[in-house]
Structure formats: C-alpha cells, structure tokens
Amino acid sequence: MRVTGLPPYDPTNVFARILRGEIPSKKVHEDDFALAFHDINPQAPVHVLVIPKGAYCSHADFTASATDAEIAGFWRAVGKVARDLGLEAGGYRILSNMGEDGGQEVPHFHVHIFGGRRIGRMVPRAEA
Ligand code: 5GP
C-alpha cells in the first residue's frame, strides 16, 4: 500500500534532482538513508533540510511505506545533523510540511531544522 496525500511520486521534483546530483546543494551530511543540505531560502540563521534517500512524497507516504531501517536511519540522521551543527545547547525546531494544508511545496518528504535564534510561535496565528 502506498499512502501519499499527494499525487504519485514525481522523480523530477527538485529534491530528487539534488539527490541525483543534477542540482548543486550545500551538503552538510550524507549517509545510506538521508541527505542534509542548507535551505536555499533560509528562514533562520541555521535552516537545514533533511531528506530520505528513498522516493517518498510526504511524511504520510514515508511513515506508511518506508522500511523500519529507513525510518530509523532517517531520524538518526536528523538528530546527528542538529548535533553536528551545534544546535543542541541552544535548542532547535524540526518541522515537516505535509500536503496542501501543511503548505508542502516540494513533493519529496523532508524535515526542516531551524536554529541559531529563538524560533518564535509554533504556528502563526490564522489571518483574519
Ligand atoms: P516545503 O514548503 O515543501 O516544506 O519546503 C521546501 C523548501 O525547499 C523551502 O524552504 C525552499 O526554500 C527549499 N528549496 C526549494 N528549492 C530548493 C533548492 O533548489 N535548493 C535548496 N537547497 N532548497 C530549496
């Protein structure tokens, strides 16, 4: 079963292209399960994206379809990246946008890591 919440995986999405080395990225970590690189449009002094190596559209797809090894490897990489970036002492936020209501723009599952300042409200107030 493949649960996506999004259309089928699009292998031309920008993160798939980064994984294939077709688009450059400022890489901070790579292992068998994950690639981490700086966001092109940072929203905090540290803003890094961590993506699984597998072709998963979203958090929904990843948690339904990835193997236990892929899930464990991915989350261990997220923790290692935050640690290696020196964010543990001051703290950091991890966030994953899922689907339309979540505001997901790139249809390859990814986690944002924000740090380097107080990140502020967990969710902005809805606009009136
Ligand atoms: P989403 O809204 O899907 O959670 O976040 C997608 C993120 O990908 C955005 O923060 C955006 O700045 C980042 N992004 C989009 N295209 C590129 C790119 O080509 N390179 C990098 N490094 N980040 C990108």
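Once you order the gyration tensor axes a ≥ b ≥ c over the Cα atoms, which shape class does region 86-128 get: rounded for a/c under 1.5, otherwise prolate or oblate by comparing a/b with b/c? It is oblate, given that a/c is not under 1.5 and a/b is not larger than b/c. Each Cα pair under 8 Å and six or more residues apart adds its separation to the average, and for the chain the resulting relative contact order is 31 percent. Note on region 1-122: with neighbouring protein chains present and a 1.4 Å probe, carbon and sulfur make up 53 percent of its accessible heavy-atom surface.
Here region 14-91 is treated with +1 on each Lys and Arg Cβ and -1 on each Asp and Glu Cβ, and its dipole about the Cα centre works out to around 200 debye.
Averaged per residue, what accessible surface does the chain expose to a 1.4 Å probe, in Å²?
On a per-residue basis, 61 Å².
Accessible area per residue was computed with a 1.4 Å probe on protein heavy atoms; S25 scores about 50 Å². According to the Cα-based calculation, Rg over Rh for region 7-47 is 1.00, with Rh computed by the Kirkwood formula. Size descriptors for region 14-91: radius of gyration and Dmax over Cα atoms are 12.7, 35 Å. As I understand it, the dipole of region 14-91 uses +1 on the Cβ of Lys and Arg and -1 on the Cβ of Asp and Glu, about the Cα centre. Which of A64, G79, S25 lies farthest toward its positive end? It is S25, whose Cα lies furthest towards the positive end.
The values are calculated or read from the model by the stated rules, or taken from the named source; none is laboratory data. Since the structure is predicted, the reported quantities are computational estimates derived from the model, not experimental observations. Cβ: placed from backbone, ideal geometry, glycine included. Neighbour counts: every protein chain shown. Accessible surface is based on the protein model in full, side chains and every heavy atom, while ligands, DNA and RNA are left aside. Shrake-Rupley method; radii C 1.70, N 1.55, O 1.52, S 1.80 Å.
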